[in-house]
1. When you scan segment A:204-237, how many residues do you find that are more than 14 Å from every other protein chain (Cβ to nearest Cβ), at pLDDT below 80 and surrounded by 12 or more Cβ atoms within 10 Å (Cβ to Cβ)?
2. For segment A:27-47, does any single residue satisfy the condition of being touching a residue at least 60 places away in the same chain (Cβ under 8 Å) and either assigned to a helix (DSSP H, G or I) or touching a Ser or Thr at 6+ places or on another chain (Cβ under 7 Å) (or both)?
3. Among the numbered conditions (1) open to solvent by 20 Å² or more (accessible area, probe 1.4 Å); (2) among the small types (Gly, Ala, Ser); (3) within 20 Å of the chain's Cα centre (by Cα), tell me where B:ALA349 comes up short.
4. Does segment B:151-167 contain any residue that is assigned to a loop (DSSP other than H, G, I, E, B), within 10 Å of chain A (Cβ to nearest Cβ) and modelled with pLDDT of 90 or more?
5. Please identify the pairs in which a residue from segment A:79-101 that is within 18 Å of A:GLY163 (Cβ to Cβ) has its Cβ atom under 6 Å from the Cβ atom of a residue that is modelled with pLDDT of 85 or more and surrounded by fewer than 17 Cβ atoms within 10 Å (Cβ to Cβ), counting only partners at least 6 apart or on another chain.
6. Write out, first by first residue and then by second, each pair whose Cβ atoms fall under 6 Å of each other, whose residues are 6+ apart or on separate chains, and whose first residue, in segment B:324-345, is modelled with pLDDT of 90 or more while the second is open to solvent by 30 Å² or more (accessible area, probe 1.4 Å).
7. Across segment B:291-317, which residue is nearest to the other protein chains (Cβ to nearest Cβ) among those that are open to solvent by 40 Å² or more (accessible area, probe 1.4 Å) and not in a helix (DSSP H, G or I)?
8. Quick check: is even one residue across segment B:133-154 within 24 Å of B:LYS312 (Cα to Cα), under 18 Å from the mean Cα position of the chain (by Cα) and not acidic (Asp, Glu)?
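The values are calculated or read from the model by the stated rules, or taken from the named source; none is laboratory data. In this text, all values refer to a predicted model and were calculated from it rather than measured experimentally. Note that we place each Cβ from the backbone using ideal geometry, even for glycine, and neighbour counts take in every protein chain shown. SASA here: full protein model, heavy atoms, side chains in, ligands and nucleic acids out. Shrake-Rupley method; radii C 1.70, N 1.55, O 1.52, S 1.80 Å.
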Amino acid sequence: MVELLNIILPALYVLVTLLYAFHFFSEERRSGNLITTLLGLTLGVHLLYIIVRITTFHHYPTASPAQVFTLIAFAIGIIYLWIEAMLSVKSTGMFVIGLVAGFQLLSSATIARTDTINPLLQSPLFSLHTSAAILGYSGITISALYATLYLLLFYDIKGSKFGIVYNQLPPLEVLDSMHMKAASAGFSFLTVTILLGILWLKLAFHHVMLLDWKIITALVTWAIFGIVIASKKFWGWSGKRVAYFSLTGFFMILVSMTVVNYFLTSFHRFH
Amino acid sequence: MKAFEIYVIGLNHKSASLEQRESVAIAPQELDTYLKMIISSGHWSEVVGLSTCNRTEWYVVGPTNPEFVKCLRTLLNIANSVDHWSNPEVTYVKKHTDAARHLFRVAAGLDSQVLGEPQILGQVKDAFTIAMEANTTGPILNNLFQTAFHVGKEVRAHTEIGAGAVSVSSAAVELASKIFRDLSKRSALLIGAGETGELTARHLKSKNINTLYITNRTPEKAENLATELEGYALPFDEYLEQLAEVDIVISATNSPKYTVEAASAKPLISRRQNRPLFFIDIAVPRDIDPSLNKLDNVFVNDIEDLNIIVHKNLDLRREEIPPADAIIDEEISSFTDWLKSLEVKPIIASLHRKFEQLRQAEVEKSKKYFSQENWDDLEKLTTGLMKKFLHIPMMQLREAAQNGNGQLKRIEAAYELFDLKTDHEE
């Protein structure tokens, strides 16, 4: 069952992404509700996959980056569905669900067929730490997406290009607002993640190992998003500059999840 | 044999010149006289007149008789003191479903000069209301126009025929709406209260712009427009200060030099703390220094940009014609079914009346053979028999009307077989 869902799930996300792309490029509006329904069903299948994984392997799927990727994909999907319902804007679906499909493909391709968990990771505090991290990463990912869309529309208006991006995207102010909301949520969860991580480290290892690549990238990302929020609130930075900062923060997350996880030594590799 | 026919006779922006359209245009308060004149000709039982700046059309219901249409042309020529109504190159006549389709396309904005423009549906509604009040409508035009209103709404709800700005002034507001989420929380400055500037200001006002400042070389013009649009007039030498405050600047002057120079604007813009500022330059030669567009959070768009938006939106609207026509096809089909059912109604009524008379006569004759307490049973028995005898012929007639196959022959046969008379003959 887990194996089957592991194949079906990325296929479904790719299908939904293609449908959102069709919706975006064809400017065809009537299929919108159908695509949202299909996304809802796909997220239902994803939830089933997570439940089946938990019941099969008897732990929350946070033991490896591949397991975390599927949780991030699910969290982004759910947050996007909520944003779409709030804004009644489906034109950003292609970008967000495309990213979800990417995370799920990466997860499905690299996830282990058999699974054991380090006893250290069975602590409830660790589960809270990873849950907060997943929500934080998802918020930051979504903020980066809205920052990208903001920049696309910004340069289109500046350059008098009134093509598909201009026609389909919501106003700059809405994109900026969604970018900041997602960034604030991401920053808050990242703060909780770091605090819980430090607390868990203290309890599990009796000392805090701050000189770790994973912690360094997390702290740099946290600092960048702190600047993003403060700059907008107190320093009156332009939307463009803030968007570039968010993208830098997202790049740090990508580094943390790829380069650090796969190529650098980090105590975060528990398996 | 068809009891009635729907006709539309009219001229519009495609068939007639502006002068020709002007010569037959009817003011709303005069429509009533024309409607009554057409009814009093004795040829038509129902009439609605639609007269806008782009079309004058008469929707009439009456017997299928081309001579009556000729008479209507003559009548309209006399009433308007023109001869266009007899000119087939200037006017068009459509009948039955073609007339219905024409009205549906008009109501949906597909026949408008600016494709998909929304005012026409209101104008069709007004025309129908005037005819209703003049008592010149009946069941057929009532249904036709109600269906047209429904079609107008459906097409707008299910297609993008009305989407996007299709004038320079509305394109300017559309562009502003791509930057700001809610114009009701924004303020704007209009430099130059000329025609295009005024139109743009009106569009902004219709989008509930929060505060509108107006400045003009001739202060009276600014003051008059400010009063009308509930804005504020500013002296022409003080408008630059507003660059630190307002969110949108529309410039539409005839000035040969920039009204907003980069050197003088930059210090004021720096006081905005990066709040977006949108310049709409509708002037030729341009009023706003284009180098301001290089500043973060300052957007400068000129008339060429607005024209690009207008043309793109018109292309998008044209792509919506086939889906709009598909909606109209569906409604035409339902309306045609209704018309067919209407055509067979007189014979069904006549058939029923004939049999009822026969039944009553026979019942009266037979009463003497029955005791009085059985008369009710006699009534029930004969009524039941009559309904059973008539059930199949009536069903066949209704089916013939729906399918249209051999309808005329069946109806004629029914008239002959049962020696029926129409309502009119009776």
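1. 6
2. Initially, segment A:27-47 is screened for residues touching a residue at least 60 places away in the same chain (Cβ under 8 Å), giving A:27.
If we keep only those that are either assigned to a helix (DSSP H, G or I) or touching a Ser or Thr at 6+ places or on another chain (Cβ under 7 Å) (or both) as well, we get none.
Looking for residues that are touching a residue at least 60 places away in the same chain (Cβ under 8 Å) and either assigned to a helix (DSSP H, G or I) or touching a Ser or Thr at 6+ places or on another chain (Cβ under 7 Å) (or both), one finds none in segment A:27-47, hence no.
3. Among (1) open to solvent by 20 Å² or more (accessible area, probe 1.4 Å); (2) among the small types (Gly, Ala, Ser); (3) within 20 Å of the chain's Cα centre (by Cα), the lone unmet condition for B:ALA349 is (3).
4. Initially, segment B:151-167 is screened for residues assigned to a loop (DSSP other than H, G, I, E, B), giving B:159-167.
Subsequent filtering for residues that are within 10 Å of chain A (Cβ to nearest Cβ) retains B:159-160, B:163-164.
Keeping just the survivors that are modelled with pLDDT of 90 or more gives B:159.
Yes, because at least one residue in segment B:151-167 is assigned to a loop (DSSP other than H, G, I, E, B), within 10 Å of chain A (Cβ to nearest Cβ) and modelled with pLDDT of 90 or more.
5. Short answer, once both residue conditions are applied: A:MET94/A:ALA21.
6. B:ILE327/B:GLU154; B:ILE332/B:THR97; B:ILE332/B:ARG101
7. Taking the candidates together, the pick is B:ASP296.
8. Narrowing segment B:133-154 to residues within 24 Å of B:LYS312 (Cα to Cα): B:152-154.
Still in the list and also under 18 Å from the mean Cα position of the chain (by Cα): B:152-154.
Subsequent filtering for residues that are not acidic (Asp, Glu) retains B:152-153.
Looking through segment B:133-154, at least one residue is within 24 Å of B:LYS312 (Cα to Cα), under 18 Å from the mean Cα position of the chain (by Cα) and not acidic (Asp, Glu).
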